[in-house]
1. Return, for the Cα atoms of segment 124-177, the radius of gyration and Dmax in Å, separated by a comma.
2. How much length is gained if the chain between THR105 and THR128 is pulled fully straight, taking 0.36 nm per residue apart and subtracting their Cα-Cα distance, in nm to one decimal?
Amino acid sequence: MRYRALSALGVAAVVAVGLIVGFAGTGGSYAAWNSGAKVNGTTISTGSTTIAVSNAAQTTPASTLALGALTSNMGPGDVVASAFVVSNTGTTPVTLAANLAASGTPTALTNALHAAVVSVSSAGACTTSLSSSATGALAGYSAASLGHVASGATQNLCLLVVLPATAPSSAQGLSAPFTLTVTGTQASS
């Protein structure tokens with residue numbers, strides 16, 4: 001009987017010690033070994049997004065290229081193609097977009113013209129045979145994605161202007177000045 005009482009007392013002591021250790025551990029703090037090291041000379045730098053647009057007559061660091069008079073004496077059904085190059089002179093890759101805007105008050109000719117800006121493999125590939133691409137009105141034309149250009153790379157583009165065969169007689173003898181703006185937006189690498 002004495003052995004049973006000692007056993008029960010031993011179990012009770014172990015449970016009591018376990019509870020005391022358990023409660024003491026819930027609110028206390030523990031020491032942990034750790035180590036640290038300082039990293040010197042860390043620098044964060046930003047890149048730049050810059051494009052230049054050029055054709056045979058003009059180069060500009062701005063994104064707007066005044067193409068001037070592409071042609072004179074267009075008649076209904078005529079197509080004009082003008083090649084130009086966009087260079088990524090920044091340090092980040094860019095995605096190109098373009099839009100056309102009429103300069104000054106739009107005329108009957110401005111309203112009749114159709115246009116497109118398309119990516120081409122070379123300046124020589126910018127031909128009037130691409131005229132089927134020119135389905136949008138010149139005034140307000142927009143091309144959302146003309147390609148991804150890495151830093152230091154170039155992209156050949158082609159501006160197409162079409163005077164449809166259905167152009168109204170009121171477009172005769174007029175001019176249609178416009179501006180082509182190419183935008184390079186930073187892209188993921």
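Throughout, read-outs are computed from the coordinates displayed, never taken from laboratory work. In this text, all values refer to a predicted model and were calculated from it rather than measured experimentally.
1. That works out to 14.8, 47 Å for Rg and Dmax.
2. 5.5 nm is the gain from fully extending THR105 to THR128.
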